[in-house]
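Presented below is the structure to which this report refers.
Bear in mind these aren't lab numbers, they're just calculated from the coordinates by the rules spelled out. Please read all numbers here as calculations on a predicted model, not as lab measurements. Quick reminder, even Gly has a Cβ in these numbers, built from the backbone with ideal geometry, and neighbours come from all protein chains shown.
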Amino acid sequence: MPANDLIFQRLKAATDAELAAISTVLEAKLIGEPAADIALLSRALRKTAGHSLRNLWRDEHELAYDQILSDVIAEAAKHAGWPAPNIEGPPTTAWFEDYVLLALTFAAHKMDATPEASATARTEAEAAIRGQYSVEKSWTGGAVTAAVVAGLAVLGGAIALGGYAVNRFLLSGNMSKIVPAVLVLIHVRLRETAEKSLEVANGSR
């Protein structure tokens, strides 16, 4: 069992509210025992995201997070109205996640977006997946407010993420579970970054 891969790391770092949000969208009932609940959510996400036939020969914790993200990227691009981006070179998880975050954030507001705003959003998202743009790039020192607004508030918080994805978009099949779960995992990363920025800012005073 890859007990320390990125999915496990994010789940271990998640708050109770974040774990509850993931369990709700994956329909996986938590028992209140941390190690067991983390294994349960890892198993549920990978089983939901994996091909049912391939799952018969795959370890229950084997499916890699980047493989899951590849499918979420395609879904995010579709809802943004963009072609699926070309992924060149070795995958970098944070780049994948930034693309998903930017594409879905744009998708939620695209009906009101001007052509200029639409072009900017797509340019930023496609730059993100190449590692040339980061949603965290200004999250240092005094930029704590920007971190909280851009990272935490933009999608409404961990508990709201599940409802956000399901209610905003007509997600198909298992994507109605996978996308919200992945958004919460991304939220865990953003929250940790914001908290570290806050610590740095407070330490510099």
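The label point for ALA127 and the one for GLU62, both projected 7 Å from the Cα toward the Cβ, are 4.1 nm apart.
For region 103-113, 3J(HN,Hα) computed residue by residue from phi via the Karplus equation (6.51, -1.76, 1.60; θ = phi - 60°) reads 5, 6, 5, 5, 4, 5, 10, 5, 5, 9, 7 Hz, glycine and proline entered as x. The alpha-carbon of LYS29 sits under 22 angstrom from the alpha-carbons of these lysines, leaving out residues fewer than 8 places away in its chain: LYS12, LYS47, LYS177. Remark: spin-label model distance ASN4-SER134 equals 2.3 nm, labels positioned 7 Å along the Cα→Cβ axis.
Per-residue extension of 0.36 nm, minus the Cα-Cα distance of ALA17 and THR120, leaves a gain of 33.8 nm for this segment. Label separation (HIS51 vs ALA84): 1.3 nm, computed from points 7 Å beyond Cα along the C-beta direction.
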